[in-house]
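Chemist: Let me give you the structure first, and then I'll get to my questions.
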Amino acid sequence: MGASNRSAVWTLVERTTRFLILVKMDSTTATDAVVGFSDKLNRVPRALRLSMTYDQGSEMVKHATITQRTGTAIYFADPHSPWQRGSNEDTNGLLRQYLPKGTDLSVYTQEELDEMADSLNTRPREALDAKTPLEVYAEILKKSVSEPSTHQ
């Protein structure tokens with residue numbers, strides 16, 4: 001959330017790869033969550049968007065619609081339990097280098113947010129044995145294309 005909760009940038013972090021997608025939001029309404037999350041999730045290969053864990057925000061009241069539009073199952077972390085969304089919380093900490101708390105997020109374009117995500121996605125991570133999220137993401141995509149799916 002931005003300064004005075006007037007603007008928002010939502011973070012989607014793929015758990016295995018730590019790949020980050022930032023979503024610029026003009027508001028934090030449930031309708032905007034459906035549109036924003038559905039648009040971005042549908043750009044991610046199905047194998048990397050099977051589920052999503054979210055906090056208890058009221059903007060997710062229409063979570064079933066997101067699932068219907070994307071095929072992504074949505075789970076909710078327990079209240080006051082950020083460790084249940086550890087990859088996302090860690091990535092939000094890295095993102096603070098670009099967007100400190102209290103920043104007016106409305107001044108950033110989606111293109112600028114994409115550049116921030118690209119910067120973080122090409123940064124080696126200890127949790128990934130010094131590989132970048134983009135490298136691990138590409139490895140998983142290559143593997144999923146070369147192996148026939150056993151899921152229907």
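The values are calculated or read from the model by the stated rules, or taken from the named source; none is laboratory data. Keep in mind that what you see is a predicted model, and the values were worked out from it rather than measured. When we count neighbours, we look across all protein chains shown, and the Cβ atoms used for this are built from the backbone with ideal geometry, even at glycine.
Chemist: Restricting the first residue to the range 46-66 and requiring it to be farther than 18 Å from A30 by Cβ, which pairs with a second residue that is part of a strand (DSSP E or B) and of a type outside the set (D, E) meet a Cβ separation below 7 Å and a spacing of at least six or different chains?
Modeler: Cβ pairs passing all conditions: L50/A73; S51/A73; S51/Y75.
Chemist: Where residues in the range 71-81 are touching a residue at least 12 places away in the same chain (Cβ under 8 Å) and under 20 Å from R18 (Cα atoms), which of them is surrounded by the most Cβ atoms within 10 Å (Cβ to Cβ)?
Modeler: Out of the qualifying residues, it is T72.
Chemist: Right, something else. Which condition number in (1) at pLDDT 95 or above; (2) surrounded by 15 or more Cβ atoms within 10 Å (Cβ to Cβ); (3) not acidic (D, E) is the one that L105 fails?
Modeler: Exception for L105: condition (1).
Chemist: If you check D55 against the conditions, is it modelled with pLDDT under 90 and either polar (S, T, N, Q) or out of contact with any Gly (no Cβ under 9 Å at 6 or more places or on another chain) (or both)?
Modeler: Working: modelled with pLDDT under 90: yes; either polar (S, T, N, Q) or out of contact with any Gly (no Cβ under 9 Å at 6 or more places or on another chain) (or both): yes.
Spelling it out, D55 is indeed modelled with pLDDT under 90 and either polar (S, T, N, Q) or out of contact with any Gly (no Cβ under 9 Å at 6 or more places or on another chain) (or both).
Chemist: Going by the conditions given, is A117 outside any helix (DSSP H, G or I), within 19 Å of T16 (Cβ to Cβ) and not aromatic (F, W, Y)?
Modeler: On the way: outside any helix (DSSP H, G or I): no; within 19 Å of T16 (Cβ to Cβ): yes; not aromatic (F, W, Y): yes.
Judged against the criteria, A117 is not a match.
Chemist: V107 - would you say it is within 23 Å of R123 (Cα to Cα) and among the β-branched types (V, I, T)? Show your work before the answer.
Modeler: Details: within 23 Å of R123 (Cα to Cα): no; among the β-branched types (V, I, T): yes.
In short, no.
Chemist: Right, next: Return yes when L94 is under 12 Å from R18 (Cβ atoms), in contact with a helix residue (DSSP H, G or I) (Cβ under 7 Å, 6 or more places away or on another chain), touching a residue at least 12 places away in the same chain (Cβ under 8 Å) and surrounded by 14 or more Cβ atoms within 10 Å (Cβ to Cβ) and no when it is not.
Modeler: Working: under 12 Å from R18 (Cβ atoms): yes; in contact with a helix residue (DSSP H, G or I) (Cβ under 7 Å, 6 or more places away or on another chain): yes; touching a residue at least 12 places away in the same chain (Cβ under 8 Å): yes; surrounded by 14 or more Cβ atoms within 10 Å (Cβ to Cβ): yes.
Criteria met by L94.
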